[in-house]
Amino acid sequence: MSKNNENKIILITCILTVGLVGGFTLSQGEVKFKVKDNYQSEAATSEDILQENIDPYSIVRTLEDDGNFTIMAYQNKELTDDDIISLVKYVKKENSDIKDNYKINIYSDESSVDLDDNKNLELVVKVVDEDKISVNKRYSDIDNESVEVPEYSLVSVKNVYDEENNNETLKTKIDIVLEEMQSPKEALSKIKAIGTYTRGVRSTYDILNIIAYTSDEKNEYWEYSGHYKNDIVYGRVINLK
């Protein structure tokens, strides 16, 4: 065999050897990364399944006072509208006497229920009518600012018994439509300005209760009570069916 042929054979052999070793190394690396990716994917899936299996809420106790029920519960995760509807239906199913005479206090955790800690009261569910509920969230200690009286539409003004004072006194209840409120601070500032203006143009009781709907549909609103000077409640109506 000539010297040139020997050199060619040696060169080809070296090239093939390098190619096989490189290919094997890359394939091993690819397999290793695939295993890691699959492990991470499986772990994430298991965590998602575990999260889905957590009950969104837990009921601690049910209180009854003169035929009215208060259900004390806490949330295990942030509740969706479907979760809240499910909670209402469960409460009504488990308590045959409950019709439209209940409210549900939902706290942030179990210890807050035991202490009846209103600072950690996340949501209050109330009856609107047979097929509707309102879900309310209180914002406390809001630093409102002085603003001009905004444009609003007056729905009604009337004097009613003050439930927050056990119906022993009267308060002035004002319903309005006030659009474009983007935050608790803005809502409280505008509503207080309207309350001050109302007192200036007509005689009212010292305690005002103002509900400001964000549209004519009245499915979303901000509520202010003179009992809580720096608090504002955001509420919305949900259909049960």
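Rule-based calculations on the coordinates, nothing more; no lab input. Predicted model, so just to flag it, every value in this text is computed and none were measured. Every residue, glycine among them, receives a Cβ derived from its backbone with ideal geometry; neighbour counts consider all protein chains shown.
Is the shape of the stretch 190-235 rounded, prolate or oblate, going by the alpha carbon gyration tensor and its root eigenvalues a ≥ b ≥ c, with a/c under 1.5 for rounded and a/b larger than b/c for prolate? Oblate, since a/c reaches 1.5 and b/c is not below a/b. Assuming R0 = 22 Å, can you tell me the calculated FRET efficiency for the pair LYS99 and ASP65, based on Cβ-Cβ distance, to the nearest 0.05? Calculated transfer efficiency: 0.90.
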